[in-house]
């Protein structure tokens, strides 16, 4: 029996060391050397060097003077990352979307873009399509007392055009540029 147990335990111990310690340390070391910014969370800092968030994780912005992020099923908390898993036929989902739509609706703008009403699969997507940002432009311009044309320049500068996929705007980066242009009161 020891002829079977000893090699099995040795293999379990060896694989525990390799997969539980050596491999994670190697991957972490390579990531720190090759991609230090991403390996450390893609942190976004303000002009004073304080961390304001991550370029990879959405956060909530309150008030008319800010561009709003896509809704989060997990209240923008990374521990609860994930979709709400509410089916399209679920009344709770319909109620939430209806409430969000009524809060953001602007008659002169038409219907609220879908990206401002639906959560992403992770619940933490930091990007919005430019159309969703454009919908918010008049509200933010009025609250900040800045021309829409001036804000459109910020939006254009913050628009990312990936190699694959449609253009997107990182809401945190846009709001940081907005704060530098016209600080909130």
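The values are calculated or read from the model by the stated rules, or taken from the named source; none is laboratory data. Bear in mind the structure is a predicted one, so any value in this text is a computation, not a measurement. Heads up, the Cβs are rebuilt from the backbone with ideal geometry, glycines too, and the neighbour counts pull from every protein chain shown.
Checking each residue in the stretch 81-92 for being surrounded by 14 or more Cβ atoms within 10 Å (Cβ to Cβ) and modelled with pLDDT of 85 or more picks out no residue at all.
Scanning the stretch 8-44 for residues that are surrounded by 10 or more Cβ atoms within 10 Å (Cβ to Cβ), out of contact with any helix residue (DSSP H, G or I) (no Cβ under 7 Å at 6 or more places or on another chain) and at pLDDT below 90 yields 38, 40, 41, 42, 43. Do we have any residue at all in the stretch 89-98 that's under 21 Å from residue 158 (Cβ atoms) and assigned by TED's automatic domain parsing to the domain that holds residue 160? Within the stretch 89-98, none of the residues are under 21 Å from residue 158 (Cβ atoms) and assigned by TED's automatic domain parsing to the domain that holds residue 160. Anything in the stretch 108-129 that is surrounded by fewer than 17 Cβ atoms within 10 Å (Cβ to Cβ) and modelled with pLDDT of 80 or more? List them, or say none. Residues satisfying the conditions are 108, 109, 110, 111, 114, 118. For the stretch 60-79, a residue qualifies if it is farther than 19 Å from residue 159 by Cβ, surrounded by fewer than 18 Cβ atoms within 10 Å (Cβ to Cβ) and in contact with a helix residue (DSSP H, G or I) (Cβ under 9 Å, 6 or more places away or on another chain), and the qualifying residues are 63, 64, 74.
Residues in the stretch 88-123 that are in contact with a helix residue (DSSP H, G or I) (Cβ under 6 Å, 6 or more places away or on another chain) and at positive phi: none.
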